[in-house]
Amino acid sequence: MTVEGFLNFIAEIRGFRGMEKRKMVDRAVARLELWRTLKCPIETLSIGLKRKVAIAQAIVHDPKLLLLDEPTEGLDAYQKNKVRMLIKSLTNEMSVIVASRNPEELSSICNRALVIAGGRLLTDIPLPELQRSSRYYQAVTLATETPLDLLALAVLPGVAGIEEDRHTPSCVTVLAMPGQIIYPHVSALIANRRWKIDSLSLESGRLNDVVHQLSQEALK
């Protein structure tokens with residue numbers, strides 16, 4: 001089937017006919033920017049376009065709730081960003097629930113987190129609150145091409161410890177004690193020592209870390 005034929009077929013299954021069907025299909029096509037692919041057989045489309053067609057058919061009847069299962073799986077970085085932007089735009093019109101094994105990818109678009117493991121709902125809280133429970137909350141990650149004085153970082157006020165990236169030796173994460181803000185101290189040390197830093201970031205908390213920890217505790 002072509003994209004156009006498939007969307008018309010789904011609209012008819014949903015009970016739309018005539019001009020009303022045309023209106024609903026056209027709106028879904030416009031939302032997903034599918035005008036150029038309407039005459040293309042679905043089997044010839046890229047993974048990213050197939051994903052857009054799948055979402056288009058799911059919203060053609062203007063639902064109040066949309067459930068998406070791993071919507072960015074198998075997509076490249078550009079396509080993932082496009083899908084995330086699309087999902088965010090859809091939340092203005094409907095409630096969207098996204099099931100994902102990689103919550104970090106969706107942290108910029110979701111406002112609530114439900115963690116499920118072993119068939120049980122472990123938590124249902126606002127996403128920022130879940131991020132704050134991460135041991136990486138308020139941590140500072142920095143990368144440099146030259147060796148750092150890790151002891152100088154470790155003795156800064158409020159520092160709980162330092163983790164070196166196993167895959168990137170030049171990258172370290174300075175962990176903060178609960179309730180402590182260490183970013184100003186790290187920045188001041190870098191300036192005083194005149195370290196050449198390639199990147200410096202303040203972390204809001206790693207969702208993957210929190211979800212893994214909750215899941216492990218639930219399965220014990």
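Going by what's in this entry, would Thr37 be described as surrounded by fewer than 12 Cβ atoms within 10 Å (Cβ to Cβ), polar (S, T, N, Q), out of contact with any Cys (no Cβ under 9 Å at 6 or more places or on another chain) and more than 30 Å from Leu114 (Cβ to Cβ)?
Judged against the criteria, Thr37 is not a match.
Between Ser201, Ser170, which is under 28 Å from the mean Cα position of the chain (by Cα), closer than 14 Å to Tyr136 by Cβ and of a type in the set (Gly, Ala, Ser)?
Going through Ser201, Ser170 in turn, just one is under 28 Å from the mean Cα position of the chain (by Cα), closer than 14 Å to Tyr136 by Cβ and of a type in the set (Gly, Ala, Ser): Ser201.
So, in the stretch 196-213, how many residues would count as being surrounded by fewer than 17 Cβ atoms within 10 Å (Cβ to Cβ) and of a type outside the set (D, E, K, R)?
Number of matching residues: 9.
What number goes with the only condition from (1) exposed (fewer than 13 other Cβ atoms within 10 Å of the Cβ); (2) farther than 17 Å from Gly74 by Cα that Phe16 does not pass?
Among (1) exposed (fewer than 13 other Cβ atoms within 10 Å of the Cβ); (2) farther than 17 Å from Gly74 by Cα, Phe16 violates only (1).
Of Val96, Val53, Val83, which residue is in contact (Cβ under 8 Å) with a residue 40 or more places away in the chain, of a type outside the set (Asp, Glu) and farther than 22 Å from Asp209 by Cβ? Write out each step before concluding.
Numbers: Val96 fails: in contact (Cβ under 8 Å) with a residue 40 or more places away in the chain; Val83 fails: in contact (Cβ under 8 Å) with a residue 40 or more places away in the chain.
Sole residue among the options that is in contact (Cβ under 8 Å) with a residue 40 or more places away in the chain, of a type outside the set (Asp, Glu) and farther than 22 Å from Asp209 by Cβ: Val53.
Between residues in the stretch 209-220 that are among the charged types (D, E, K, R) and residues that are in a loop (DSSP other than H, G, I, E, B), which pairs lie under 8 Å by C-beta distance while being six or more apart or on different chains?
These pairs meet every condition: Asp209/Ser134; Asp209/Arg135; Asp209/Tyr136.
Does the stretch 131-183 hold any residues that are among the small types (Gly, Ala, Ser), in a loop (DSSP other than H, G, I, E, B), touching a strand residue (DSSP E or B) at 6+ places or on another chain (Cβ under 9 Å) and within 27 Å of Val115 (Cβ to Cβ), and which are they?
Of everything in the stretch 131-183, those that are among the small types (Gly, Ala, Ser), in a loop (DSSP other than H, G, I, E, B), touching a strand residue (DSSP E or B) at 6+ places or on another chain (Cβ under 9 Å) and within 27 Å of Val115 (Cβ to Cβ) turn out to be Ser133, Ala139.
Among the numbered criteria (1) closer than 24 Å to Lys21 by Cα; (2) assigned to a strand (DSSP E or B), which one does Ile87 miss?
Evaluating Ile87 over (1) closer than 24 Å to Lys21 by Cα; (2) assigned to a strand (DSSP E or B) leaves (2) as the failure.
To keep it simple, each residue is scored yes or no on (1) farther than 23 Å from Thr72 by Cα; (2) basic (Lys, Arg).
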{"residue": "Ala113", "(1), (2)": "no, no"}
{"residue": "Gly118", "(1), (2)": "yes, no"}
{"residue": "Arg132", "(1), (2)": "yes, yes"}
{"residue": "Tyr137", "(1), (2)": "yes, no"}
{"residue": "Pro157", "(1), (2)": "yes, no"}
{"residue": "Cys171", "(1), (2)": "yes, no"}
{"residue": "Pro178", "(1), (2)": "yes, no"}
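Here's a check for you: in the stretch 93-110, which residue that is among the polar types (S, T, N, Q) and out of contact with any helix residue (DSSP H, G or I) (no Cβ under 6 Å at 6 or more places or on another chain) is modelled with the lowest pLDDT?
Here the answer is Ser108.
Among the helices (runs of 4 or more DSSP H) confined wholly to the stretch 1-66, which include 2 or more residues that are under 27 Å from the mean Cα position of the chain (by Cα)?
On the way: elements: 3-13, 18-32, 47-59.
Helices (runs of 4 or more DSSP H) meeting the threshold: 18-32, 47-59.
Looking only at the stretch 113-143, filter to residues that are β-branched (Val, Ile, Thr) and out of contact with any Ser or Thr (no Cβ under 6 Å at 6 or more places or on another chain); which one of those is surrounded by the most Cβ atoms within 10 Å (Cβ to Cβ)?
Val140
Which residue, of His167, His185, is loosely packed, with under 12 Cβ neighbours inside 10 Å and over 22 Å from Ser107 (Cα atoms)?
His167
Looking at the stretch 46-98 only, could you name the residues that are in contact with a strand residue (DSSP E or B) (Cβ under 6 Å, 6 or more places away or on another chain), aliphatic (A, V, I, L, M) and over 22 Å from Trp35 (Cα atoms)?
Residues satisfying the conditions are Leu65, Leu66, Leu67, Leu68, Met94, Val96, Ile97, Val98.
The values are calculated or read from the model by the stated rules, or taken from the named source; none is laboratory data. Just so we're clear, the structure is a prediction, and the values are computed from it rather than from any experiment. Here the Cβ is made from the backbone with ideal geometry for all residues, glycine too, and neighbour counts use every protein chain on show.
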